[in-house]
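Each value in this text was obtained by applying a stated rule to the coordinates, not by laboratory testing. Computed from a predicted structure; not experimentally measured. With ideal geometry, Cβ positions are generated from the backbone for all residues, glycine too; neighbour counts draw on all protein chains shown.
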Amino acid sequence: MKLNPKVYKQLTGEPFETQEINGKNIEFHYMNDTPFLFQFASKGRFAIWTSDGNDYKVLIETKYYDVMKDFYQKEVNMIWLSFLERVGAISKKINMMFIIPTLIFYVLIAIVSTLLFPELMLQILLFMIVIVVISNMFQGRIVNKRVREENKLAQDQIREYLGTEEFDELVKAQEEHYKEYFKFNVDEEETNDGTSTEDKIENTENSEDEDGTKSN
């Protein structure tokens, strides 16, 4: 399964760590040494898995790796890699279950409409587009549900391998890193431009109200 293939292609530098798992190479690259730091870290995404469909490259923020290093040891990555492979297979299977029948149905309706109801062609095609959109939404919900189930299974396996105590400590370390990272960056921006933290939050909220979008 391909993951963030564009990012994968741009990670051409020397990795700081490599692992081989089940014949697949995993390279680790520091996010701080790439142009992707602001793009991902500013949204709280400190570790990004990428793949060309065979091998993997992990883009990870430097300090995040320092505090979460045990979470990226080879044995844990074996579990996570298995999760990614299962998710890829599930997504492909479900997509094919929906795409092929929907495409065949769409073509058949288009042919019948052209031959028997040419005057209603536009309305029928618009109706079919609505059907396709609804099918895609339903398909997405099924995939997301299965992914959540597989993710929970993977996390349970990792917790069992690391032990509950160490797993919980890593969760706490992760939370602390989030707090420290964003506190540091907010304080640094305030020093640079003289804008208070409250003003920045207010400006962000106003911006979201205007365009209706929010960051992940």
Worksheet item: Looking at this model, which pairs from 43/92; 43/74; 6/69; 43/152; 24/74; 43/183 are more than 20 angstrom apart at the alpha-carbon?
Response: 43/92; 43/74; 6/69; 43/152
Worksheet, complete the sentence: In whole Hz, the Karplus estimates of ³J(HN,Hα) for segment 84-95 (6.51, -1.76, 1.60; θ = phi - 60°; x where Gly or Pro) are 4, 5, 5, 4, x, 5, 5, 4, 5, 5, 5, 4
Discussion item. When a/c reaches 1.5 or more, the comparison of a/b and b/c decides; with that in mind, is segment 1-40 rounded, prolate or oblate per its Cα gyration tensor?
Written reply: oblate
Fill in: For residue 21, distant residues with modelled amide H under 5 Å away
26
Worksheet item: Given 114, 28, 96, which one lies farthest toward the positive end of the charge dipole of segment 1-118, if we put +1 on the Cβ of every Lys and Arg and -1 on the Cβ of every Asp and Glu?
Response: 114
Worksheet item: What's the extension gain from residue 42 to residue 55 if we count 0.36 nm per residue and subtract their Cα-Cα distance?
Response: 2.0 nm
Discussion item. Under the rule of at least 5 residues apart or a separate chain, name every residue whose amide H is placed under 5 Å from the amide H of residue 36.
Written reply: none
Item to complete: Starting from the Cα of residue 151, step 7 Å toward the Cβ, then list every residue of segment 88-111 with an amide N under 18 Å from that point.
Response: 88-92
Worksheet item: What net charge is computed for the residues neighbouring residue 52, neighbours being all others with C-beta under 12 Å from the C-beta of residue 52, Lys and Arg scored +1, Asp and Glu -1?
Response: +3
Discussion item. Give me the three principal axis extents of segment 1-79 from the C-alpha atoms, as integers in angstrom, largest value leading.
Written reply: 33, 27, 21
Practice prompt. Taking only the C-alpha atoms, wrap a convex hull around segment 64-181 and report its volume per residue in Å³ as a whole number.
Written response: 121
Discussion item. For the pair residue 131/residue 89, report the inter-label distance in nm, with labels modelled 7 Å from Cα in the Cβ direction.
Written reply: 3.3
